[in-house]
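The values are calculated or read from the model by the stated rules, or taken from the named source; none is laboratory data. The shown structure was predicted, so the numbers you read here are calculated from the model rather than taken from an experiment. Ideal geometry is used to build each Cβ from the backbone, glycine not excepted, and the neighbour counts take in all protein chains shown.
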Amino acid sequence: MQVIYVDVLIFVNIIEDFLFLLCVRRITRADTRYPRLIAAAAAGGLLSVLSLMRINGFLINLLITSLSAALLVLIAFGYGGLRAFLRRTLTLIVVSFLFSGAMIFLWLALRPSGMAVINNRVYFNISPILLIILTLVIYAVLFLYNRFFRNRASPATVKEVTVYYSDKEIKLRCKTDTGMNVREPFSGSRVIIADKRLFENTAVKEKDCRVIPFNSLGGKGIIRGFRADGVLTDGSKCGEELYIGMCEGIFNGEIDGLIPPDIILKKDGKYDN
């Protein structure tokens, strides 16, 4: 009979849940910070103890898994609206099941010693020293990825954008997105998608307000926006009318918005506010 050590089970699942939540953050472009991810992973590690209970029935297990995933998403990312909350929860469930399925296949095929799968929770019986080494290795991999890959790609795809509206300047870091073709429905003008939080102190005039429909991989919907008085992209004046569509809960803090890559730029200098 496999002996299960509760402390090892909790630790291993903290590591797993942290990596799962990182995947969810990247897939859904959720806006959060590492302390919240760590807190959610710790909660997931503690919840892994429930896997030791004898629970019969697929539906009951699915309900417990769904509620646990919802709690982790709430801790890691906050609520952020029903659509965003459900999308992140479903993404976490899918990522967890994919990992569990791979581990179950490995377990059935090779039967490695010290490994067990309990109610879709993976357990590895390893020494405390190896646990510390594993933690350091995972941290080093994440650090190197962040240092050499994510940061290296950003200069080519991220632009410094300044939005001028009603005597205010709002500065954004926007990623160019070749697949984005959101347009204001009446004028046909293109739209820059931006983090709503940056415009909380901006009073938008009623005549400039617009309801803008969009269609993305996440589904259809509408966002609220306004016509900008002017826009600078990397210090160059945009020579076309642009609208700002305000979204919340989709940016991870590294960027503040999305901008079409082929915005028309003028050569006559900066925008005069």
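Quick notes on this structure:
- Number of the condition not met by Ala203 [criteria: (1) over 15 Å from Leu242 (Cβ atoms); (2) in contact with a strand residue (DSSP E or B) (Cβ under 6 Å, 6 or more places away or on another chain); (3) aliphatic (A, V, I, L, M)]: (2)
- Enumeration of residues in region 75-85 that are hydrophobic (A, V, I, L, M, F, W, C) and within 13 Å of the chain's Cα centre (by Cα): Ala76, Phe77, Ala84, Phe85
- Conditions (1) more than 22 Å from Ile255 (Cβ to Cβ); (2) among the aromatic types (Phe, Trp, Tyr); (3) modelled with pLDDT of 85 or more: number failed by Phe85: (1)
- Put simply, of Asn56, Asn61 the only residue that is at pLDDT 70 or above, polar (S, T, N, Q), more than 15 Å from the chain's Cα centre (by Cα) and farther than 17 Å from Phe18 by Cα is Asn61.
- Checked against the criteria, Ile222 does not count as farther than 16 Å from Thr162 by Cα, surrounded by 14 or more Cβ atoms within 10 Å (Cβ to Cβ) and either of a type in the set (A, V, I, L, M) or at pLDDT 90 or above (or both).
- The conditions of being of a type outside the set (Ser, Thr, Tyr), part of a helix (DSSP H, G or I), under 21 Å from Arg25 (Cα atoms) and modelled with pLDDT under 80 are met by Phe99.
- Test: residue in region 124-142 that is part of a strand (DSSP E or B), farther than 21 Å from Ile259 by Cβ and modelled with pLDDT under 85: yes
- Flag if Leu232 is touching a strand residue (DSSP E or B) at 6+ places or on another chain (Cβ under 6 Å), at negative phi and part of a helix (DSSP H, G or I): no
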